[in-house]
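*Asks:* Just dropping this structure here.
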Amino acid sequence: MQQICNGEGVSISTGLLARYTAVRRRTVQLVGSLSAEDCQVQSMADASPLKWHLAHTSWFFETFVLSALEPRLPRFDPQFAHLFNSYYHSVGAMHARPQRGLLTRPGLDRVMAYRAHVDAAVARLCSAAHPQRWAELLELGLQHEQQHQELMLTDLLHAFSCNPLRPVYCSEAPPVSKEVPQRWLRVEAGLRMLGHAGEGFAFDNEMPRHRVWLDGFEIAARPVTNAEYRAFVEAGGYRDPLLWLSDGWAQVQALDWQRPAYWGDDNTQAFGLYGLLPLDPHAPVCHLSYYEADAFARWAGAALPTEAQWEIAMVDQGGEMPTMTALRPVCENAPALGQVWEWTASAYAAYPGFRPAPGAVGEYNGKFMCGQYVLRGGSCATPPGHARLSYRNFFPPAARWQFSGLRLVRELQT
Ligand SMILES: [Fe+2]
């Protein structure tokens with residue numbers, strides 16, 4: 001628990017098996033202080049039980065990595081193929097997502113035995129001769145597991161937020177943000193390159209690297225803070241339909257949204273993985289939907305950046321992801337990357353020339369390129385070392401259980 005709260009990430013590869021072991025161990029550490037009941041609950045359809053995450057990440061290795069090298073390797077339990085498949089229709093049917101919390105069997109012990117079984121098989125195959133493609137699939141499995149590590153934290157936070165006892169996940173002292181005055185960073189017009197380049201892992205949706213034209217713009221040096229967003233709330237932002245997209249206004253009305261998720265009714269407290277705490281005024285605001293981020297930007301006389309504006313501005317700044325994070329967003333200096341996922345104005349779509357990975361893993365990203373928006377950066381719940389400037393996260397516009405905030409952009413001021 002100590003290690004996770006301090007955000008000490010896994011060391012980057014000192015060998016394939018060492019990296020595998022470190023990532024898998026971190027997943028188990030995330031549930032080290034939790035009960036089997038904590039790991040069982042599913043608080044909404046979008047979230048999954050932690051027990052399911054523990055099993056599904058093992059299913060991914062068993063299905064796409066182990067079987068790639070040893071197709072005849074017996075399954076730990078053939079029924080798990082149905083229970084723990086998420087959305088890979090090309091490998092078979094799956095249990096309904098909203099009903100994952102009903103899976104009281106297998107128990108947590110059996111799921112942990114499943115993990116140990118997969119780990120032993122991976123260790124055996126890592127030690128043997130294997131083709132490069134297999135090593136690439138293993139790396140994909142590790143990146144996938146890191147994505148689920150973040151989801152485990154955000155799904156747990158949502159479940160805990162539904163509990164009147166206000167459970168505390170991390171009992172360490174929470175970090176407190178400094179006041180970082182807002183500045184605007186100027187980016188001149190030009191033909192620029194967008195997307196992943198170079199060595200190192202990237203998901204297929206970050207490629208191919210391609211040219212984009214950008215008119216000149218100014219982007220905020222740091223994300224919008226809680227204090228700035230509270231001013232919007234207290235100015236009646238949630239009651240003015242002129243600020244909202246039609247779908248967003250419908251959502252505000254239907255769900256009676258009046259403030260970000262997890263804020264207390266008086267806008268002075270927020271619930272998080274450290275429990276219920278006073279709102280940190282200078283921390284990046286988070287748990288916003290796209291609609292709320294968009295409405296705030298309009299109210300502020302600015303806009304959300306496109307993903308091209310965001311990536312190119314951050315590359316120009318030499319922006320680096322944090323190597324350590326706490327379990328709530330903190331702002332200590334600009335650009336405060338890696339604290340909240342930042343909504344962009346860009347619909348999640350294929351880059352020109354995009355090709356999904358071959359085979360069933362091609363279902364990983366490409367088929368979701370409809371009806372969602374891109375978020376950039378990374379959050380306090382993202383495992384250190386996982387995200388990068390070309391990383392494209394994506395969620396439907398109403399989603400707000402992730403650590404999602406925003407950064408403003410505006411036209412060049414003369
Ligand atoms: Fe998954």
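*Asks:* Within segment 308-327, identify whether any single residue is open to solvent by 50 Å² or more (accessible area, probe 1.4 Å), of a type in the set (A, V, I, L, M) and in a helix (DSSP H, G or I), and answer yes or no.
*Replies:* Yes, because at least one residue in segment 308-327 is open to solvent by 50 Å² or more (accessible area, probe 1.4 Å), of a type in the set (A, V, I, L, M) and in a helix (DSSP H, G or I).
*Asks:* Looking at 58, 90, 86, which one is over 26 Å from residue 387 (Cα atoms) and among the small types (Gly, Ala, Ser)?
*Replies:* Answer to the check: 90.
This table checks each residue for (1) among the small types (Gly, Ala, Ser); (2) closer than 26 Å to residue 307 by Cβ; (3) in contact with a helix residue (DSSP H, G or I) (Cβ under 6 Å, 6 or more places away or on another chain); (4) touching a residue at least 24 places away in the same chain (Cβ under 8 Å).
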{"site": "222", "(1), (2), (3), (4)": "no, yes, no, yes"}
{"site": "230", "(1), (2), (3), (4)": "no, no, no, yes"}
{"site": "234", "(1), (2), (3), (4)": "no, no, no, yes"}
{"site": "259", "(1), (2), (3), (4)": "no, no, yes, yes"}
{"site": "268", "(1), (2), (3), (4)": "no, no, no, no"}
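*Asks:* Residues in segment 126-166 that are within 16 Å of the ligand (Cβ to nearest atom) and open to solvent by 40 Å² or more (accessible area, probe 1.4 Å): how many? Explain how you work it out, then say what you get.
*Replies:* Initially, segment 126-166 is screened for residues within 16 Å of the ligand (Cβ to nearest atom), giving 137-155.
Subset that is open to solvent by 40 Å² or more (accessible area, probe 1.4 Å): 147, 151.
Summing the residues that are within 16 Å of the ligand (Cβ to nearest atom) and open to solvent by 40 Å² or more (accessible area, probe 1.4 Å) in segment 126-166 gives 2.
*Asks:* Restricting the search to segment 264-298, which residues are of a type in the set (Val, Ile, Thr) and under 14 Å from residue 400 (Cβ atoms)?
*Replies:* The first filter runs over segment 264-298 and keeps only residues of a type in the set (Val, Ile, Thr), leaving 268, 285.
285 - this is the single residue of segment 264-298 that is of a type in the set (Val, Ile, Thr) and under 14 Å from residue 400 (Cβ atoms).
*Asks:* Just the residues that are among the small types (Gly, Ala, Ser) and either open to solvent by 10 Å² or more (accessible area, probe 1.4 Å) or closer than 13 Å to residue 142 by Cα (or both), please, taken from segment 15-57. It would help to see each step written out before you state the result.
*Replies:* Let us first name the residues in segment 15-57 that are among the small types (Gly, Ala, Ser), namely 15, 18, 22, 32-33, 35-36, 43, 45, 47-48, 55.
Answer for segment 15-57, where residues must be among the small types (Gly, Ala, Ser) and either open to solvent by 10 Å² or more (accessible area, probe 1.4 Å) or closer than 13 Å to residue 142 by Cα (or both): 15, 18, 22, 32, 33, 35, 36, 43, 45.
A quick yes/no check of all residues on (1) part of a loop (DSSP other than H, G, I, E, B); (2) farther than 28 Å from residue 93 by Cα; (3) in contact with an Asp or Glu (Cβ under 6 Å, 6 or more places away or on another chain); (4) without any contact (Cβ under 8 Å) to a residue 40 or more places away in the chain:
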{"residue": "21", "(1), (2), (3), (4)": "no, yes, no, no"}
{"residue": "25", "(1), (2), (3), (4)": "no, yes, no, yes"}
{"residue": "56", "(1), (2), (3), (4)": "no, no, no, no"}
{"residue": "62", "(1), (2), (3), (4)": "no, no, no, no"}
{"residue": "68", "(1), (2), (3), (4)": "no, no, no, no"}
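*Asks:* Any idea which residue in segment 83-102 is least open to solvent (accessible area, probe 1.4 Å), counting only those that are of a type in the set (S, T, N, Q) and within 12 Å of the ligand (Cβ to nearest atom)? Reasoning before the result, please.
*Replies:* From segment 83-102, those of a type in the set (S, T, N, Q) are 85-86, 90, 99; that's our starting set.
Then keep just the ones that are within 12 Å of the ligand (Cβ to nearest atom); that gives 85-86.
Values: 85: 2, 86: 18 Å².
In this case the residue turns out to be 85.
*Asks:* Next question. Being acidic (Asp, Glu), over 30 Å from residue 278 (Cβ atoms) and part of a strand (DSSP E or B) is true for just one of 218, 199. Which residue is that? Outline the logic, then answer.
*Replies:* Working: 199 fails: part of a strand (DSSP E or B).
The unique qualifying residue is 218.
*Asks:* Still on this structure: Could you count how many residues in segment 41-54 are within 11 Å of the ligand (Cβ to nearest atom) and part of a helix (DSSP H, G or I)? Before the answer, list the steps.
*Replies:* Let us first name the residues in segment 41-54 that are within 11 Å of the ligand (Cβ to nearest atom), namely 48, 52-53.
Keeping just the survivors that are part of a helix (DSSP H, G or I) gives 52-53.
So the answer is 2.
*Asks:* Those residues that are in a loop (DSSP other than H, G, I, E, B) and among the aliphatic types (A, V, I, L, M), I need them from segment 99-116; list them, please.
*Replies:* First, the residues of segment 99-116 that are in a loop (DSSP other than H, G, I, E, B): 103-107.
Scanning segment 99-116 gives a single hit, 103.
*Asks:* Further question: Looking at (1) open to solvent by less than 20 Å² (accessible area, probe 1.4 Å); (2) outside any helix (DSSP H, G or I); (3) of a type in the set (Asp, Glu), can you tell me which one residue 77 breaks?
*Replies:* Result: residue 77 fails condition (1) only.
*Asks:* Could you list all residues from segment 103-113 that are surrounded by 16 or more Cβ atoms within 10 Å (Cβ to Cβ) and touching a residue at least 60 places away in the same chain (Cβ under 8 Å)?
*Replies:* Of everything in segment 103-113, those that are surrounded by 16 or more Cβ atoms within 10 Å (Cβ to Cβ) and touching a residue at least 60 places away in the same chain (Cβ under 8 Å) turn out to be 108, 111, 112.
The values are calculated or read from the model by the stated rules, or taken from the named source; none is laboratory data. Model, not experiment: these values are computed from the prediction. Don't worry about glycine lacking a Cβ; one is built from the backbone with ideal geometry, like all the others, and counts go over all protein chains shown. Just the protein is used for accessible areas: all its heavy atoms, side chains included, with ligands, DNA and RNA removed. Shrake-Rupley method; radii C 1.70, N 1.55, O 1.52, S 1.80 Å.
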